[in-house]
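This report concerns only the one structure given below.
The values are calculated or read from the model by the stated rules, or taken from the named source; none is laboratory data. Computed from a predicted structure; not experimentally measured. Cβ placement follows ideal geometry from the backbone for every residue including glycine, while neighbour counts extend to all protein chains displayed.
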Amino acid sequence: MFPWSPEFVWDAGHLAFFGAFYSVLAAIAAVLGLGLRRAVADARAGRAHRIAWHAAFEELPARDRACRHQLTGEAPGRVCDNAFDCRRCAAHPSFEALRATHASAVPATGPAGLHLPGDRLYHRGHAFVRPEPDGTVTVGLDDLARRLVGEAEVVERPRPGMCLEEDAPALRLRAQGREVRVLSPVRGVVIGTSGEGAAVTVRVDPEGPLDTRHLLDGDEVGAWAMREIERLQALLGPRELGPALADGGELLPDLGAVIPRERVDGVLGEMFLDL
Amino acid sequence: MSERLDEGLTPRGLPRAPLRRFVLWLVPWTALLGVGLYAGYRCLAYGLNETNLDNRFAFGLWIYLDLTVIALGAGAFFTGLLLYVLRKRELKAVINSAVVLGFICYSGAVAILMIDVGQPLRAWFTFWHPNVHSMLTEVTFCLTCYLVVLAFEYLPIVLRNRKLSRLPSLLLFEHQLHKLMVVFALVGAFLSFFHQGSLGGLYGVLQGRPFAFREALAVWPSTFFLFILSAAAAGPSFVLATTWIASKLSSRALVRPEVYELLGRVSGRLLVLYVLLKSVDTLVWLNHTSPQLGIHPARFYAFDPFGTWVLFAEIVALGLLPALVLTSARWRRDPRFLVPAAFLACAGVALNRFIMTVQTLALPTLPFDPFLTYLPSWQETMSFLGVVAYGVVLYSLSFRYLNLFPQERELLASEEVTHVPLVA
Amino acid sequence: MKSPESNVRARYGMVVDLDRCNGCGACVVACAVENNVPPANGRATERTGISWLNVQRLEGAGGRAAFLPMMCQQCDTRTPCASVCPQNAVELDRSSGIVGQVPVRCLGCRYCMVACPYHARYFNWWDPQWPGTIAETLNPAVSTRTRGVVEKCNFCIQRLQAARTRHAATGGDPAVAPDYTPACVEACPAGALVFGDLGDPQSEVSQLAQSPESFRLLERLGTGAKVHYRTRRPWVRQAVADAPAPTDGRTHV
């Protein structure tokens with residue numbers, strides 16, 4: 001096996017055989033070593049959150065990955081393969097250029113009675129961003145998210161001074177015994193948090209110009225909310241949807257009460273993009 | 001229905017049976033595994049006299065089944081090759097399952113081999129004093145390396161478990177390993193090519209056994225190439241068949257129909273090529289090779305139960321027939337033809353390995369030899385069934401706690417939904 | 001391991017006279033005693049027991065019988081077993097032509113047993129037991145084997161080693177292969193077994209091997225066996241040889 005052992009013979013057969021064997025071992029070791037080294041580099045460069053989000057995004061089925069431009073009808077059937085990061089999308093700027101200005105007057109009440117004020121920008125993971133006059137922003141759960149989690153407790157809230165990144169977990173809540181993580185829509189430094197349960201908000205200082213290209217605003221929001229209701233329908237199935245819609249048209253404030261217990265985990269996971 | 005006890009460990013949103021029902025499913029298989037372990041223990045503790053192997057039937061059930069599971073486990077390397085190197089994206093839907101199956105097949109085969117050899121503690125001798133001209137040396141090296149590769153292909157699937165992927169170190173390592181998976185796929189394909197071939201070469205070089213001996217291309221007898229081809233043909237069929245079984249047992253669609261389509265098509269085309277080359281090889285062997293060694297080919301089929309029907313069964317009934325069904329687009333679309341054809345293809349490979357192992361040893365070599373029979377002992381049978389049980393248990397655990405079938409989630413919703421528009 | 005006499009190129013072989021063998025089995029017993037072949041386990045059968053040398057009974061028409069002692073045929077250039085052993089536990093020793101089995105290196109994979117067409121290899125299916133005082137009769141020149149390894153006839157190579165030692169000690173010519181006698185040859189009362197260097201044209205074994213009555217088993221396989229059989233009885237020849245008697249009066253040695 002080794003050249004120094006007395007039986008070893010340097011002939012074509014031995015050279016071919018051991019050449020192949022040691023090459024295979026080297027290839028396996030190289031992959032493992034390289035993988036380990038790169039993983040350590042990723043950890044040091046703080047890319048863990050981005051990779052975790054991309055991993056979760058890959059688990060989403062195509063119906064959950066509709067491009068924002070599909071929602072508005074600009075690109076029917078288009079599916080996002082960029083983890084909803086429109087800043088890094090090659091096609092997004094061209095879509096934006098083609099669009100007229102975003103409609104400014106957005107009704108505050110969206111489909112199924114959802115409260116969607118126009119002064120907010122929305123993240124696909126159901127967090128909103130409200131720019132404040134002093135240059136900071138407020139981040140919280142949007143109305144659909146609040147109704148989904150219902151009576152929830154905040155398990156993990158960001159500490160003041162902590163750095164948040166886009167698509168990194170900002171909050172962890174516990175609803176109906178299941179954990180839900182809410183992704184941060186913005187990058188910045190946490191100033192403080194307030195509120196309890198689903199009404200919790202986080203005040204963030206962006207420390208520079210706020211990049212909101214990946215967030216939904218204007219008439220996109222209504223179309224997106226409609227789509228989210230349809231997603232909820234798909235997850236619940238027609239027989240559960242009835243009880244979820246009071247008056248036949250408005251979503252209940254606490255959906256957890258009507259979602260069957262064995263489905264809660266899956267519904268929360270998919271709606272919060274936490275798979 | 002209350003929440004499942006292990007809900008936090010199973011993939012989010014994918015329905016899984018209640019834990020109690022799952023444990024009940026595992027119980028008989030675990031019991032079988034226990035019996036198998038006991039049978040193996042007896043062989044290790046008391047010696048191989050616990051088997052019905054003897055000096056004439058030195059290879060028996062274990063070697064035959066080892067060769068069969070390794071041939072079927074070729075689905076792992078072949079699916080990986082088709083996906084990562086030839087970019088057949090549809091196979092993303094089954095690659096995880098194929099890798100788990102491959103790992104089960106190879107680890108099971110190695111476990112059986114450790115009981116089969118007389119001195120398992122000397123297993124490292126083959127590495128220390130290798131005879132590079134022996135086919136079995138090549139098999140040993142390749143199998144060991146390939147089992148390591150399979151373990152590292154299985155690892156990322158395990159690391160994607162819901163709880164484990166929460167640990168950043170494991171998540172990051174999995175991410176980087178996955179990006180380098182093509183290297184493992186290539187190494188795996190290289191190793192598989194050689195050990196599938198060498199397993200064929202095991203028999204083809206036996207100049208003392210004209211039934212098994214074949215003409216050679218350089219140092220490799222024709223069985224080397226035929227075994228690679230039959231394994232590559234049976235692999236996708238095995239993946240298809242096992243996916244279908246998993247689908248039936250879990251009562252849901254796990255892959256889109258076009259995935260079955262692709263697997264069936266690839267298997268069918270390779271099977272056609274295999275049947276062609278095998279027929280040519282058989283004709284050469286019967287008309288040229290064997291007469292040269294002084295044997296009239298009729299002697300090979302002169303003993304019951306190994307009549308010429310065996311040849312017909314292997315090449316036509318379990319070779320040409322499934323090949324024709326799998327290559328026909330019309331029949332492939334119908335699962336009532338596709339699935340049985342896949343099973344037949346797997347059975348054909350199993351029959352081929354049986355013939356090469358058992359019939360070779362049963363046939364007389366010396367003019368005054370009798371025709372020999374052999375039936376495995378309960379220890380041999382149960383230890384092998386123990387391996388099957390191990391496979392079922394490991395696969396069941398993988399199916400429950402890991403995301404073996406990425407398309408399961410999207411197929412689930414499309415089954416349940418009748419899209420009710422919200423508009424009042 | 002190279003023997004000190006590696007310059008010598010002997011080809012020890014044997015000629016078995018089937019017309020003289022009466023099936024007494026003395027050779028079998030002598031072999032077992034000489035080579036520490038363990039007594040059969042109570043559950044052993046003819047297919048699981050070990051006897052490096054065994055006598056086959058051949059039956060002809062009219063109640064005629066012949067006896068064929070079978071041992072390792074010591075194949076030459078194309079040794080089926082040596083080429084397939086994954087651990088190099090079988091070695092064709094060029095200085096003597098003996099195919100040596102190395103049980104201490106044997107893994108017990110039994111591939112060599114599958115490869116051997118002469119069924120000359122035996123596996124230790126049980127742990128060898130030496131009950132009572134049998135252990136005192138063990139031959140110290142031959143190591144005993146453990147369970148799970150293969151063993152076979154090696155032309156009593158321990159006697160060759162002893163002969164070489166004597167040869168060297170008495171100042172014999174190193175280029176000459178010494179004579180020695182394996183246990184079976186020594187024990188045969190009918191003189192049916194003749195042993196010697198097939199490469200020495202003067203030796204009795206060499207001359208017998210080339211006579212027209214001599215043949216090898218499975219000649220067409222081309223194993224180059226160094227055990228020849230001879231008989232003047234056509235029915236015996238027909239029963240065991242796969243090639244008809246040559247007409248030129250010679251067979252290859």
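Going through the stretch B:176-209 one residue at a time, which ones are under 26 Å from residue C:119 (Cβ atoms) and touching a Gly at 6+ places or on another chain (Cβ under 8 Å)? Full working, then the answer.
First, pick out the residues of the stretch B:176-209 that are under 26 Å from residue C:119 (Cβ atoms): B:198-209.
Within the stretch B:176-209, B:207 is the sole residue that qualifies.
Cβ separations smaller than 6 Å between residues 6+ apart or across chains give the following pairs from the stretch A:206-225 residues that are in contact (Cβ under 8 Å) with a residue 60 or more places away in the chain to residues that are part of a loop (DSSP other than H, G, I, E, B) and among the charged types (D, E, K, R): A:214/A:85.
The residue that is nearest to the other protein chains (Cβ to nearest Cβ), counting only those in the stretch C:90-103 that are in contact (Cβ under 8 Å) with a residue 40 or more places away in the chain and part of a loop (DSSP other than H, G, I, E, B), is C:103. Residue pairs whose Cβ atoms lie under 6 Å apart, sitting 6 or more positions apart in sequence or on different chains, and linking a residue in the stretch B:352-378 that is closer than 11 Å to residue B:64 by Cα to a partner that is β-branched (Val, Ile, Thr) and assigned to a helix (DSSP H, G or I), are B:353/B:68; B:357/B:63.
Only helices (runs of 4 or more DSSP H) whose full extent lies in the stretch A:1-91 are considered here, and the ones with at least 1 residues that are closer than 30 Å to residue B:407 by Cβ and facing chain B (nearest Cβ under 9 Å) are A:12-44, A:48-59. Restricting A:150, A:195, A:140 to those that are surrounded by 21 or more Cβ atoms within 10 Å (Cβ to Cβ) and in contact (Cβ under 8 Å) with a residue 12 or more places away in the chain reduces the list to A:140. One residue stands out among those in the stretch C:57-88 that are under 22 Å from residue B:137 (Cα atoms) and at the interface with another protein chain (Cβ under 8 Å from one of its Cβ atoms): the one that is surrounded by the fewest Cβ atoms within 10 Å (Cβ to Cβ), which is C:78. Within the stretch C:74-83, identify whether any single residue is in contact with a Phe, Trp or Tyr (Cβ under 6 Å, 6 or more places away or on another chain) and modelled with pLDDT of 95 or more, and answer yes or no. No, every residue in the stretch C:74-83 fails to be in contact with a Phe, Trp or Tyr (Cβ under 6 Å, 6 or more places away or on another chain) and modelled with pLDDT of 95 or more. If you check B:273, B:277, B:226, B:263, which single one turns out to be in a helix (DSSP H, G or I), in contact (Cβ under 8 Å) with a residue 40 or more places away in the chain, in contact with a helix residue (DSSP H, G or I) (Cβ under 9 Å, 6 or more places away or on another chain) and crowded, with 24+ Cβ neighbours inside 10 Å? Of the residues listed, the single one that is in a helix (DSSP H, G or I), in contact (Cβ under 8 Å) with a residue 40 or more places away in the chain, in contact with a helix residue (DSSP H, G or I) (Cβ under 9 Å, 6 or more places away or on another chain) and crowded, with 24+ Cβ neighbours inside 10 Å is B:263.
How many of the residues in the stretch B:332-342 are surrounded by fewer than 18 Cβ atoms within 10 Å (Cβ to Cβ) and assigned to a helix (DSSP H, G or I)?
Applying the first criterion (surrounded by fewer than 18 Cβ atoms within 10 Å (Cβ to Cβ)) to the stretch B:332-342 yields B:333-337, B:340.
From the residues that got through so far, the ones that are assigned to a helix (DSSP H, G or I) too are B:333, B:335-337, B:340.
Within the stretch B:332-342, residues that are surrounded by fewer than 18 Cβ atoms within 10 Å (Cβ to Cβ) and assigned to a helix (DSSP H, G or I) number 5.
In the stretch C:176-185 there is at least one residue matching the filter, namely being in contact with a Leu (Cβ under 8 Å, 6 or more places away or on another chain), at pLDDT 95 or above and not in a loop (DSSP other than H, G, I, E, B).
Can you report the number of residues in the stretch C:123-144 which are within 14 Å of another protein chain (Cβ to nearest Cβ) and either surrounded by 23 or more Cβ atoms within 10 Å (Cβ to Cβ) or part of a helix (DSSP H, G or I) (or both)?
Residues of the stretch C:123-144 that are within 14 Å of another protein chain (Cβ to nearest Cβ), as a first pass: C:123-129.
Okay, now just the ones that are also either surrounded by 23 or more Cβ atoms within 10 Å (Cβ to Cβ) or part of a helix (DSSP H, G or I) (or both), so C:123-125.
Of the residues in that region, 3 qualify.
Test of understanding: among A:213, A:181, A:187, which residue is of a type outside the set (A, V, I, L, M), surrounded by fewer than 17 Cβ atoms within 10 Å (Cβ to Cβ) and under 17 Å from the mean Cα position of the chain (by Cα)? Can you show your working first?
Details: A:181 fails: surrounded by fewer than 17 Cβ atoms within 10 Å (Cβ to Cβ); A:187 fails: surrounded by fewer than 17 Cβ atoms within 10 Å (Cβ to Cβ).
The conditions single out A:213.
Here residue B:356 fulfils each of the conditions (1) away from chain C (no Cβ under 14 Å); (2) under 23 Å from residue B:231 (Cβ atoms) apart from (1).
Rundown of residues vs (1) buried (at least 21 other Cβ atoms within 10 Å of the Cβ); (2) closer than 13 Å to residue B:77 by Cβ; (3) aliphatic (A, V, I, L, M), yes/no style:
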residue	(1), (2), (3)
B:153	yes, yes, no
B:160	yes, no, no
B:163	no, no, no
B:166	no, no, no
B:174	yes, no, no
B:192	yes, yes, no
B:196	yes, yes, no
B:199	yes, no, yes
B:204	yes, no, no
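Tell me, please, whether a residue that is more than 30 Å from residue C:135 (Cβ to Cβ) and of a type in the set (Phe, Trp, Tyr) can be found in the stretch C:44-65. No, that holds for no residue.
Looking only at the stretch B:67-74, decide whether some residue is hydrophobic (A, V, I, L, M, F, W, C), surrounded by fewer than 22 Cβ atoms within 10 Å (Cβ to Cβ) and more than 10 Å from every other protein chain (Cβ to nearest Cβ). Looking through the stretch B:67-74, none of the residues is hydrophobic (A, V, I, L, M, F, W, C), surrounded by fewer than 22 Cβ atoms within 10 Å (Cβ to Cβ) and more than 10 Å from every other protein chain (Cβ to nearest Cβ).
The rows are residues; the columns are (1) polar (S, T, N, Q); (2) within 14 Å of chain C (Cβ to nearest Cβ).
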{"position": "B:207", "(1), (2)": "yes, yes"}
{"position": "B:225", "(1), (2)": "no, no"}
{"position": "B:228", "(1), (2)": "no, no"}
{"position": "B:236", "(1), (2)": "no, no"}
{"position": "B:239", "(1), (2)": "no, no"}
{"position": "B:245", "(1), (2)": "no, no"}
{"position": "B:251", "(1), (2)": "yes, no"}
{"position": "B:254", "(1), (2)": "no, no"}
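Filtering the stretch C:210-229 to residues that are facing chain B (nearest Cβ under 8 Å) and either touching a residue at least 40 places away in the same chain (Cβ under 8 Å) or touching a helix residue (DSSP H, G or I) at 6+ places or on another chain (Cβ under 7 Å) (or both) leaves C:217, C:218, C:221, C:222, C:223.
Say we look at the stretch B:130-145 and pick out the residues that are touching a Gly at 6+ places or on another chain (Cβ under 8 Å) and at the interface with chain A (Cβ under 9 Å from one of its Cβ atoms); which of these is surrounded by the most Cβ atoms within 10 Å (Cβ to Cβ)? The qualifying residue surrounded by the most Cβ atoms within 10 Å (Cβ to Cβ) is B:138.
Of all the residues in the stretch B:158-170, those that are farther than 20 Å from residue B:13 by Cα and either facing another protein chain (nearest Cβ under 8 Å) or assigned to a loop (DSSP other than H, G, I, E, B) (or both) number 3.
Residue pairs whose Cβ atoms lie under 6 Å apart, separated by 6 or more positions or on different chains, with the first residue in the stretch C:125-152 and more than 15 Å from residue C:33 (Cβ to Cβ) and the second among the aliphatic types (A, V, I, L, M), are C:125/B:48; C:152/C:120. Is it the case that some residue within the stretch A:255-268 is acidic (Asp, Glu), assigned by TED's automatic domain parsing to the domain that holds residue A:83 and either within 26 Å of residue A:80 (Cα to Cα) or at pLDDT 90 or above (or both)? Within the stretch A:255-268, one or more residues are acidic (Asp, Glu), assigned by TED's automatic domain parsing to the domain that holds residue A:83 and either within 26 Å of residue A:80 (Cα to Cα) or at pLDDT 90 or above (or both).
Here A:167, A:205 are screened, and the one residue that is within 16 Å of residue A:129 (Cβ to Cβ) and over 14 Å from the mean Cα position of the chain (by Cα) is A:205. Within the stretch C:33-56, restricting attention to residues that are within 13 Å of chain B (Cβ to nearest Cβ) and not in a loop (DSSP other than H, G, I, E, B), the residue that is nearest to the chain's Cα centre (by Cα) is C:54.
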